[in-house]
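For reference, the structure is listed below as C-alpha cells.
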Amino acid sequence: MANKDDDNQTGVRRGQQGRGRRVTASDVANAARVSRSAVSRAFTPGAYLDKDKRALILKTAHQLGYRPNALAASLHGSSTNLVGVVAGSLDNLYDSEFLAQLIAGLNQANKWPLVLAGGDSCIEEAILSILDYPLDALIIRGGSIPSSLIETCAKLNIPLLFSGHVVDAPFTDCVCCRNGAGAALAVDHLVERGRTAFGFLGGPSSRSSTLERLEGTEERLKHHGLELQIRHFCDYSYENGRKAAKEMLAQAKLDALLCANDAMALGALSAIRATLGLKVPDDLSIIGFDDVALAAWPDFNLTTLRNPIDQTVAEILRLLELRLDSPDKPNEVVLVDPVLMRRGTD
C-alpha cells in the first residue's frame, strides 16, 4: 500500500483521475517526471531503459492503477489480435454452443473477439458496424451476407472465415459440415431398421444447410427405392417443430421423421408423445441434426447427427493462423464429417 510520502512524490493519488477516466501513460509520465516514450519503453519487453528509471515508472504506474492499453499499442503493429465474430441468433442452441467454444479458443490463442449476434435481418448492419474496428479477420457463423460486404472486406484487407456456408471470394476460408452425407447416414440407418415412410422437417428453405440435408435425404431414399412422403420448412425452433410435426402427421402416415436441427426434433418429439398418441421409436423414429447438449438429456435421449463443434472450431482457428501468417495463400474449404449418435428415438 502506498504511503503518504509516495503520494506526495508522484503528485497523484490512485483514483484521482476521476471515475470513468482511464489512467494514461501521459499521467504516469507527468507523475514520475519522465517522458512519455520512457513510459512506453518501461512496458515494452526488451526495450532499453535505465534500471532505476524503469523501477520508478513501474512503481508510479502501480500507485496510479495504470495498465497499458493493449489495443492502442497493437495499432502500431501489423496485428491487433481483434477478431470480429458475427454469430447469428443465440436462440439457436447449436450457434450458442458454437460461439462459447469459439470464444474460448480465440482467447486461448490470444485473440480477442468482438461479437455481434442477431438474425439475418441485422447481419448487414452488424457487419458494417464491426468493420469500423481494426480487425485481423472476420468470422461469420451460418447464413449468408451480401456480396457488397464481401467486397468491402476485401478492400479493407480483412480476411473472412465462414462456418456452415461455402463462399467463393478473395481471402476467404470455409469450414462446413457434410450435410448431405449426414442425411444419407440417417436414411441408411433407418432403412436398416425397416422404416419406409419418411418425412423431412427442414429449416428455412433459403438456408444452404437445409437444402443440402434435404437433397442428401432424397438421394439416399432414391438409392433404396423409396420416396420422401412429405417435407415441411419453417424457422429453426422448438415451437415450430411441435406445430410442424402435428401438421405433417395429419397429412401423411410416417414411420420416420428426419429433422434439420435438434430444436425442431425436440419439439416434434414433444408433440408426438404428448398429443398424437404415438410411441417413439416403436411407431415413429425421429433423428435430429447437430447434437446439442440438450439432445442427450434423459428426458429426450434424442438420436441425432453430431455436427462436431470442437473439430469445426479447431479448423477455424487453424485456418485463421494460416491466413494471418500468409495473407495471399489459396482459399481452403474444410468439410467436417457428421457422426450418428444413437440414443433412444431411432
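Pick out, from region 286-346, the strands (runs of 3 or more DSSP E) lying fully within it that include 2 or more residues that are surrounded by fewer than 16 Cβ atoms within 10 Å (Cβ to Cβ).
In region 286-346, 333-336 are the strands (runs of 3 or more DSSP E) which contain 2 or more residues that are surrounded by fewer than 16 Cβ atoms within 10 Å (Cβ to Cβ).
Can you pull out every residue in region 248-278 that is of a type outside the set (A, V, I, L, M), part of a loop (DSSP other than H, G, I, E, B) and either touching a helix residue (DSSP H, G or I) at 6+ places or on another chain (Cβ under 8 Å) or in contact (Cβ under 8 Å) with a residue 60 or more places away in the chain (or both)?
The answer is Asp255, Asn261, Thr275.
Please count how many residues of region 215-232 are in contact with a Leu (Cβ under 8 Å, 6 or more places away or on another chain) and either surrounded by 15 or more Cβ atoms within 10 Å (Cβ to Cβ) or in a strand (DSSP E or B) (or both).
As a first pass, look at region 215-232 and keep what is in contact with a Leu (Cβ under 8 Å, 6 or more places away or on another chain): 217-218, 221, 227-232.
Checking the rest, the ones that are also either surrounded by 15 or more Cβ atoms within 10 Å (Cβ to Cβ) or in a strand (DSSP E or B) (or both) come to 217-218, 221, 228-232.
Here the count works out to 8.
Asp282: in a loop (DSSP other than H, G, I, E, B) and at pLDDT below 95, yes or no? Before the answer, list the steps.
On the way: in a loop (DSSP other than H, G, I, E, B): yes; at pLDDT below 95: no.
For Asp282, the condition - in a loop (DSSP other than H, G, I, E, B) and at pLDDT below 95 - is not met.
Quick one: in region 233-249, which of the residues that are modelled with pLDDT of 95 or more, of a type in the set (D, E, K, R) and surrounded by fewer than 19 Cβ atoms within 10 Å (Cβ to Cβ) is nearest to Leu266 (Cα to Cα)?
Looking at the filtered set, the residue picked out is Glu239.
The values are calculated or read from the model by the stated rules, or taken from the named source; none is laboratory data. Not measured: the values here are computed from a predicted model. Cβ sites come from the backbone with ideal geometry, for glycine too, and all protein chains shown count toward neighbours.
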